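Below is one structure, written out as structure tokens, with a few remarks after it.
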Amino acid sequence: QVQVVESGGGLVQAGGSLRLSCTASGSIFSLNTMGWYRQAPGKQRELVATTATNMMTNYADSVKGRFVMTRDNAKNMAWLQMDSLKPEDTAAYYCNAIGRYSITLTVFDLWGQGTQVTVSS
């Protein structure tokens, strides 16, 4: 069993900042890609940022220069620092973790429960 848990969402005014955290725990042999996605009401889930084990990070164009994703491979944790927030950043934010289970070495691709970010104008 592997669990993915996010935290850190909340309500913030436009221009403000929030920091999201994600922890993957359990029977993990290796953790490859960790990513942040978001889904606004009535819209499809979209990529925000992903980081591979080599720390290469990809960002959605809409968040470049405002959001920074970091990761600690030893702790199986990732963070999303969100600055200069805009009302259009309002969404449920989800952490995704892709890796392999210990013992069986089968691949897992898991999502957290999501954390709500609301940016008021």
- [ ] State all residues of the range 47-70 that are in a loop (DSSP other than H, G, I, E, B), out of contact with any Asp or Glu (no Cβ under 9 Å at 6 or more places or on another chain) and hydroxyl-bearing (S, T, Y); if no residue qualifies, say none.
- [x] T53
Task: Candidate set from the range 34-58 (those that are within 19 Å of S7 (Cα to Cα) and among the basic types (K, R)); member that is most open to solvent (accessible area, probe 1.4 Å) - done: R45
- [ ] Can you tell me which residue within the range 81-114, out of those that are among the β-branched types (V, I, T) and in a strand (DSSP E or B), is most open to solvent (accessible area, probe 1.4 Å)?
- [x] V107
Task: Options D61, D72; residue that is open to solvent by less than 60 Å² (accessible area, probe 1.4 Å), over 14 Å from L110 (Cβ atoms), out of contact with any helix residue (DSSP H, G or I) (no Cβ under 9 Å at 6 or more places or on another chain) and free of Cβ contacts under 8 Å to residues at least 12 places away in the same chain - done: D72
Open item on the list: Take the residues in the range 14-33 that are part of a strand (DSSP E or B) and under 12 Å from D89 (Cβ atoms); name whichever of them is least open to solvent (accessible area, probe 1.4 Å).
Closed with: L20
Task: the range 71-80, residues that are touching a Gly at 6+ places or on another chain (Cβ under 9 Å) and outside any strand (DSSP E or B) - done: N76
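In contact (Cβ under 8 Å) with a residue 40 or more places away in the chain, touching a helix residue (DSSP H, G or I) at 6+ places or on another chain (Cβ under 9 Å) and farther than 24 Å from L31 by Cα - does that describe any residue in the range 106-117?
Within the range 106-117, the first condition is being in contact (Cβ under 8 Å) with a residue 40 or more places away in the chain, and the residues that meet it are 108, 110-117.
Narrowing the set further to residues that are touching a helix residue (DSSP H, G or I) at 6+ places or on another chain (Cβ under 9 Å) leaves 117.
Now restrict to residues that are farther than 24 Å from L31 by Cα: 117.
Among the residues of the range 106-117, at least one is in contact (Cβ under 8 Å) with a residue 40 or more places away in the chain, touching a helix residue (DSSP H, G or I) at 6+ places or on another chain (Cβ under 9 Å) and farther than 24 Å from L31 by Cα, which makes the answer yes.
The values are calculated or read from the model by the stated rules, or taken from the named source; none is laboratory data. What you see is a predicted model; the values in this text were computed from it and never measured. As a convention, Cβ positions derive from the backbone with ideal geometry for all residues, glycine included, and neighbour counts pool all protein chains shown. Just so you know, the surface numbers come from the protein's heavy atoms only, side chains and all, with ligands and any DNA or RNA stripped out. Shrake-Rupley method; radii C 1.70, N 1.55, O 1.52, S 1.80 Å.
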